[in-house]
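**Q** Structure provided below as structure tokens; questions to follow.
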Amino acid sequence: MFEKYLGNEKIKEIFTHTIETQNILHSYLLVGIEGIGKKLFAQEFAKKILCLESSTKEDSCKSCIEFANHNHPDFMIIEPEEGKAIKIEQIRFMQQKILEKPIISTKKVYILNDCEKMTKEAQNCLLKTLEEPPEYAVLLLITSNENKILNTIKSRCVKIAFQPINEETIQKWLGETQITTMIKACEGSMGKLMKIKEEQEIYQQVEEMISHIKEQNLLQTWKQAEILYKQKDNIQDILNYMNQVLMQQKQIPYIHCISDVENTKRKILANNNYEMSIDNLIMQMWEKIHK
Ligand SMILES: [Zn+2]
């Protein structure tokens, strides 16, 4: 079970033990930073809860097949509509559905993803189900910000805390050694790492630009920084990465540039002229490093 997921060995053990002993509780709260695999874990856990076979290896029963086809009548994922909010109507719909007895499996499993995005009303409404769940119901609440969840909800769930995946594990998975910066920048989040990996080329150019800035004139540096002008959508991530690279130079002028990068981040967020903000940043960095 959970072989394909990186890290969080303790949680794998807990879930595997839960399945093996069939000691399944009514509600769990999965907590941890974004992109760490909480939803994947929850789905795998759900699949195993619903599975009709006692062996934890086989995936061939009717339940597992329907699950793989996203067609399982006893399973549902509730997520924020358009990524914004989980509304009371969604919770009410779930509550209607949950009252119908399971069709294939002996349990029904509902995942509430990003449940910090539940409105207050939705949370209060959900409380009723958590207080008196049908005996076959299992709710898996997922959140990256448990501070936004009512204490009354939290107190009725078993909390499962996911840890950021450690650098060693990520490095092993990547199978390379020259990418320490990337590993640091992802902060233990696989989702973020995948994104960074995709953007690796961009990041490499940023790294090159910084490492050559000292021996190049302003015009050359500008040319190397060209990529920044084309990456408006990702610029906050790229600038964060730039700070990591600057920090790794371990020299005062580079460290001083970090405040310029931070200023640029703010300016762009405040909708200042994009090109001009980048222009200024490159100029300030170049001047500081050439002092
Ligand atoms: Zn099965």
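The values are calculated or read from the model by the stated rules, or taken from the named source; none is laboratory data. Only a predicted model underlies this, so the values are computations on that prediction, with no experimental measurement involved. Glycine gets a Cβ as well: all are built from the backbone with ideal geometry, and neighbour counts include every protein chain shown. Note: accessible area is taken over every heavy atom of the protein model, side chains too, but ligands, DNA and RNA are not part of it. Shrake-Rupley method; radii C 1.70, N 1.55, O 1.52, S 1.80 Å.
**Q** To the nearest 500 deg cm²/dmol, what mean residue ellipticity at 222 nm is calculated for the chain from DSSP H runs of n ≥ 4 alone, each contributing -39,500 (n - 2.57), summed and divided by the residues?
**A** Calculated from helices alone, the mean residue ellipticity at 222 nm is -16000 deg cm²/dmol.
**Q** Which value, in Å² and to the nearest 10, is the accessible area of F93 when all protein chains are kept and the probe is 1.4 Å?
**A** We get 100 Å² for F93.
**Q** Quick one: Debye curve from the alpha-carbon atoms of the range 9-163 only, equal weights, vacuum; give me log10 I(q)/I(0) at q = 0.10, 0.14, 0.21 Å⁻¹ to two decimals.
**A** Taking Cα atoms of the range 9-163 as identical point scatterers yields -0.32, -0.65, -1.50.
**Q** Also, quick follow-up: Please give, to one decimal in nm, the separation of the simple spin-label points placed at L40 and M1, each 7 Å out from Cα toward the Cβ.
**A** That separation, rounded to one decimal, is 1.8 nm.
**Q** Right, another one. Note down the Stokes-Einstein diffusion coefficient of the range 73-144 in µm²/s, whole number, using a Kirkwood radius over alpha carbon pairs, 10 °C, and 1.306 mPa s.
**A** Translational diffusion coefficient: 130 µm²/s.
**Q** Could I ask something else about it? Mind listing the phi-derived Karplus ³J(HN,Hα) values for the range 284-291, rounded to whole Hz, using 6.51, -1.76 and 1.60 with θ = phi - 60°, and x for any glycine or proline?
**A** These are the phi-based 3J(HN,Hα) values: 4, 4, 4, 5, 4, 6, 8, 5 Hz.
**Q** Still on this structure: Could you rank the peptides 149-157, 241-249 by their average count of other C-beta atoms within 10 Å per residue, with the highest value first?
**A** Averaged packing, sorted descending, gives the order 241-249, 149-157.
**Q** Then there's this: Given Cβ point charges of +1 (Lys, Arg) and -1 (Asp, Glu) and nothing else, what value in debye, to the nearest 20, does the dipole of the range 135-211 about its Cα centre take?
**A** Result for the range 135-211 is approximately 560 debye, rounded to the nearest 20.
**Q** Subtracting the Cα-Cα distance from 0.36 nm times the residue separation, let me have the gained length for E89 to E167 in nm, one decimal.
**A** So the extension gain works out to 23.9 nm.
**Q** Right, another one. Could you work out how far the C-alpha centroid of the range 24-103 sits from that of the range 110-132, in angstrom?
**A** For the range 24-103 versus the range 110-132, the Cα centre distance is 15 Å.
**Q** In addition: Based on Cβ point charges of +1 for Lys and Arg and -1 for Asp and Glu, what charge dipole magnitude is obtained for the range 19-58 about its Cα centre, in debye rounded to the nearest 20?
**A** 100
**Q** So how do 10-23, 104-117, 159-172 stack up, highest first, on mean other-Cβ count within 10 Å?
**A** My ranking of the peptides, most packed first, is 104-117, 159-172, 10-23.
**Q** Sticking with this one: Round to a whole angstrom and tell me the spacing of the C-alpha centers of the range 136-159 and the range 207-265.
**A** What the calculation gives is 41 Å, centre to centre.
**Q** According to a simple spin-label model (label point 7 Å from Cα along Cα-to-Cβ), what is the distance in nm between K232 and K214?
**A** Inter-label distance under the simple model: 3.5 nm.
**Q** Restricting things to alpha carbons, find the Rg to Rh ratio for the range 199-290 using the Kirkwood radius for Rh.
**A** 0.92
**Q** May I ask you to compute the full-extension gain from N280 to I103, defined as 0.36 nm times their residue separation minus their alpha-carbon distance, rounded to one decimal in nm?
**A** 57.4 nm is the gain from fully extending N280 to I103.
**Q** Please express the shape of the range 52-110 as an equivalent ellipsoid: the semi-axes are the square roots of 5 times the eigenvalues of the C-alpha gyration tensor, given largest first in whole angstrom.
**A** Equivalent ellipsoid semi-axes, largest first: 26, 14, 8 Å.
**Q** Separate question: Ratio of Rg to Rh for the chain, alpha carbon only, Kirkwood?
**A** The Rg/Rh ratio comes out at 1.09.
**Q** Rounded to a whole number of µm²/s, how large is the Stokes-Einstein D of the range 35-78 at 37 °C and 0.692 mPa s, given Rh as the Kirkwood radius over C-alpha pairs?
**A** My calculation gives 302 µm²/s for D.
**Q** How high is the relative contact order of the chain, in percent, with contacts defined as C-alpha pairs under 8 Å that are six or more residues apart?
**A** This gives 19 percent for the chain.
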